[in-house]
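Take a look at the structure below.
Since every read-out is calculated from the coordinates, none of them should be taken as a lab result. Keep in mind it's a predicted model, so treat the numbers as computed, not measured. Neighbour counts are summed over all protein chains in view; Cβ atoms, including those assigned to glycine, are modelled from backbone coordinates with ideal geometry.
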Amino acid sequence: MISKSDFSRGWFDVTGAEGVPRLRQVVLDCTDTRAVAEFYRQLLGLVYRPGDEPGGGADDWLVLRTAEGVPQLAFQQVAELPAATWPEGPVPQQSHLDLTVASVEELEVQHRRVLELGGRLLRDRSDDPEEPLYVYADPAGHPFCVFVA
């Protein structure tokens, strides 16, 4: 029998689709996995997988989970990583994370948090009446958005 806790741990595809892979987590390449993992841990309120806490072992592969243990993001050490130059320049963003908030007021609160945590503002569309948003780069240069949904 499948329990509610099995779903919350991410062990089953809640859409009911059988015979297809299920997305486990998004992995970001980083030259400093600890710095980028800490940025997202604080920004998203996630926790380290047991053993991945600071001082817990090697930093070449770190995983962040929800408090319930569902994997969300992983960070893989690489020797070099050209920072995305998006929206212009030779290095595209290749992928990005979309983060949402419920209101313009919350968007402004999170905007200040992102900057305090070390994010860098790439684009300000906070005055867009349809979809207010900010685009940032994390400490490794990965672009991500925070917008009102």
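Expressed as a rounded percentage, what relative contact order does the chain have, with Cα pairs under 8 Å and six or more residues apart?
Computed over the chain, the figure is 21 percent.
Using +1 on the beta carbon of Lys and Arg, -1 on that of Asp and Glu, and nothing else charged, what's the dipole of the stretch 23-77 about the Cα centre, debye to 20?
200 debye
Counting only helical runs of four or more DSSP H residues, what would the 222 nm mean residue ellipticity of the chain come to if each run contributes -39,500 (n - 2.57) and the total is spread over all its residues?
-6000 deg cm²/dmol
Can you find, among Trp86, Gly45, His111, the residue sitting farthest towards the positive end of the charge dipole of the chain, where Lys and Arg contribute +1 and Asp and Glu -1 at Cβ?
Toward the positive end, the furthest listed residue is Gly45.
From the Cα gyration tensor of the stretch 50-125, with a ≥ b ≥ c the square roots of its eigenvalues, which class applies: rounded if a/c is under 1.5, or else prolate if a/b is larger than b/c, or else oblate?
It is oblate, given that a/c is not under 1.5 and a/b is not larger than b/c.
Could you work out the relative contact order of the stretch 23-77? I mean the mean sequence separation of Cα pairs under 8 Å and 6+ apart, divided by the number of residues, in percent.
Across the stretch 23-77, relative contact order equals 46 percent.
Can you pull the Rg over Rh of the stretch 23-77, Cα-only, Kirkwood?
0.91
On the principal axes of its Cα set, how long, how wide and how thick is the stretch 102-149? Give whole Å, largest value first.
30, 16, 14
Where nothing but the Cβ of Lys and Arg (+1) and of Asp and Glu (-1) is charged, how large is the charge dipole of the chain around its Cα centre, in debye to the nearest 20?
Value, rounded to 20: 420 debye.
Run through the DSSP bridge list for the stretch 23-77 and note the antiparallel percent, rounded to the nearest 5.
Approximately 60 percent, going by the DSSP bridge assignments.
Quick check on the exposure proxy: order Val135, Val47 from fewest to most C-beta atoms within 10 angstrom.
Val47, Val135
Enter the angle in degrees (range 0 to 90, nearest 10) between the Cα long axis of helix 33-44 and the first principal axis of the Cα atoms of the chain, meaning the one along which they spread out most.
The answer is roughly 90 degrees.
Provide Val63, Val148 in ascending order of the number of other Cβ atoms located within 10 Å of each residue's Cβ, fewest first.
Going from sparsest to densest Cβ surroundings: Val148, Val63.
Relative to the compact-globule scaling 2.2 N^0.38 Å, provide the ratio for the alpha-carbon radius of gyration of the chain.
Ratio of Rg to 2.2 N^0.38 Å for the chain: 1.14.
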